Amino acid sequence: MIVPQAEANSFAGMQFDIYLYNTDVASANMSFEANLSMFIDAYDGFGLYLPLGTAFVAWYWSPNYNKTNDLFLLMNGMVIADYIWGWGLSFPKYQLTSAFFFSGYAVVE
């Protein structure tokens, strides 16, 4: 019997410059950590992601966003080579207000 082996987290340590469409922020830096945490520098907060091959699903929480309200994001996306793209739902004050899209490229250090 052949037992499939789990693949390593291919997102760990990756950083992307992303462009956001249909949001109040035009661009940001998105980083994926080895412990499955995710950070978006334009939104001061914390997120978790689940890698699924070259795709991922994530949630992100930014407490006191714009010094007024909490912001919760549900996201999914895909990475192929050095490019990332995806979409998500935005929940300011925990109420669904809009869908947004993002795309970008890997940061080369």
| query | When all C-alpha to C-alpha distances in the chain are sorted into bins of 10 Å, what percent of pairs does each bin hold, rounded to whole numbers? | reply | 14, 49, 26, 8, 2, 0
| note | Between Met14 and residues 5 or more places away or on another chain, the pairs with built amide H atoms under 5 Å apart involve Phe32
| said: From Cα pairs below 8 angstrom and at least 6 apart in sequence, can you work out the relative contact order of the chain, rounded to a whole percent? | reply: 22 percent
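Which value, in nm² and rounded to one decimal, describes the direction-averaged projected area of the C-alpha convex hull of segment 63-109? Write out the running numbers ahead of the final one.
On the way: hull surface 17.0 nm².
About 4.3 nm², averaged over all directions.
Could you give the dipole magnitude of the chain about its Cα centre, charging the beta-carbon of Lys and Arg +1 and that of Asp and Glu -1, in debye to the nearest 20?
Values: 2 positive and 9 negative charges, 68 e Å.
Taking the Cα centre of the chain as origin, the dipole is about 320 debye.
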| task | Considering the options Tyr105, Tyr83, Ala42, tell which one lies farthest towards the positive end of the dipole of segment 15-106, charges being +1 on Lys and Arg and -1 on Asp and Glu at the Cβ, about the Cα centre. | result | Ala42
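None of the figures in this text is laboratory data; all of them are computed from the coordinates on show. No experiment lies behind these values; they were computed from the predicted model shown. With ideal geometry, Cβ positions are generated from the backbone for all residues, glycine too; neighbour counts draw on all protein chains shown.
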